[in-house]
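The values are calculated or read from the model by the stated rules, or taken from the named source; none is laboratory data. Values in this document were obtained by computation on a predicted structure and should not be read as measured data. Methodologically, a virtual Cβ is constructed for each residue, glycine included, from the backbone with ideal geometry; neighbour enumeration extends over all protein chains shown. The protein model used for the area step is the full one, side chains on, heavy atoms only, and it has no ligands, DNA or RNA in it. Shrake-Rupley method; radii C 1.70, N 1.55, O 1.52, S 1.80 Å.
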Amino acid sequence: MEQEETTKDLAEQCYRLLDKAKFIIVAALLGAIIAFCATKFCMTPMYQASAKLYVLNSSGTSLNLSQIQLSSSLASDYVQVFDNWHVHELVKRRLNLDYTYAQMGKMISVENPANTRILKVTVQSDDPQEAADMALTYVQVAREFIAAKMDMDMPTIFEEPQLPTRPYSPSTMKNTVLGFLLGLLLMCGIVVVQFLADDRVRNADKLEKQLGLATIGMMPVQSYDLSREHKNGKEGK
């Protein structure tokens with residue numbers, strides 16, 4: 001019995017959602033428009049540029065297995081170089097930047113892909129030229145710092161950064177779709193809450209469920225035209 005009632009409630013909710021379909025669609029479209037406008041006019045586009053370093057432990061032409069393994073280990077160690085405040089300071093001086101060390105630390109990310117001796121240095125900025133310049137300067141400063149402070153062979157610049165031509169964030173398409181879905185879910189939630197909060201008796205099944213009384217009969221709703229009665233009263237006089 002409870003399962004049957006639950007099925008009826010779900011069916012009623014579905015019918016209610018279908019009945020309010022035009023409001024749900026309008027809310028979804030409105031959410032998409034708001035998200036699109038916010039992305040285009042309120043969010044700052046961010047650009048990123050990447051440079052790569054190639055790490056070797058020997059400057060000779062022939063490398064043995066131990067040297068290759070050591071170079072792979074050094075690649076992981078060199079990631080920490082880019083967290084050093086000396087490196088940040090040298091980059092600031094060369095490019096005349098007005099950032100704090102904390103801000104520069106958030107702008108840069110360093111990856112060492114597994115089983116490689118390559119360091120990928122990526123810089124994010126709202127200025128595409130600044131992102132490319134910082135990425136190149138970071139790898140230049142890092143290789144000099146490694147050779148001078150760690151007494152190791154200077155890594156090779158494997159790939160210089162390219163000037164980014166389009167922002168990587170924010171994604172207009174992604175945010176618009178999310179805005180559409182958010183508006184859709186929000187309006188569906190409002191409709192469902194209104195349905196659950198509506199305790200008015202609309203049919204015999206709900207009357208029996210709420211009061212536990214059997215329905216003897218049903219009468220159709222009849223409209224009462226007061227204007228017509230008033231007119232008939234005048235004619236009788």
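Looking only at residues that are part of a loop (DSSP other than H, G, I, E, B) and within 16 Å of ASN84 (Cβ to Cβ) in the range 124-153, which one is least open to solvent (accessible area, probe 1.4 Å)?
The first filter runs over the range 124-153 and keeps only residues part of a loop (DSSP other than H, G, I, E, B), leaving 126-127, 150-153.
Right, trim to within 16 Å of ASN84 (Cβ to Cβ) and you get 150-152.
Values: MET150: 71, ASP151: 133, MET152: 54 Å².
Applying the filter and picking the extreme gives MET152.
Residues in the range 94-116 that are closer than 18 Å to ALA51 by Cα, part of a helix (DSSP H, G or I) and not small (Gly, Ala, Ser): ARG94, LEU95, MET104, LYS106, MET107.
Table: residues versus (1) modelled with pLDDT of 90 or more; (2) surrounded by 12 or more Cβ atoms within 10 Å (Cβ to Cβ); (3) of a type in the set (A, V, I, L, M).
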site	(1), (2), (3)
ALA11	no, no, yes
ILE25	yes, yes, yes
LEU29	yes, yes, yes
THR44	yes, no, no
GLN48	yes, yes, no
GLY60	no, no, no
ASP77	no, yes, no
VAL81	no, yes, yes
ARG93	yes, no, no
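PRO113 meets each of the listed conditions (1) in contact with a Lys or Arg (Cβ under 8 Å, 6 or more places away or on another chain); (2) modelled with pLDDT of 90 or more apart from (2).
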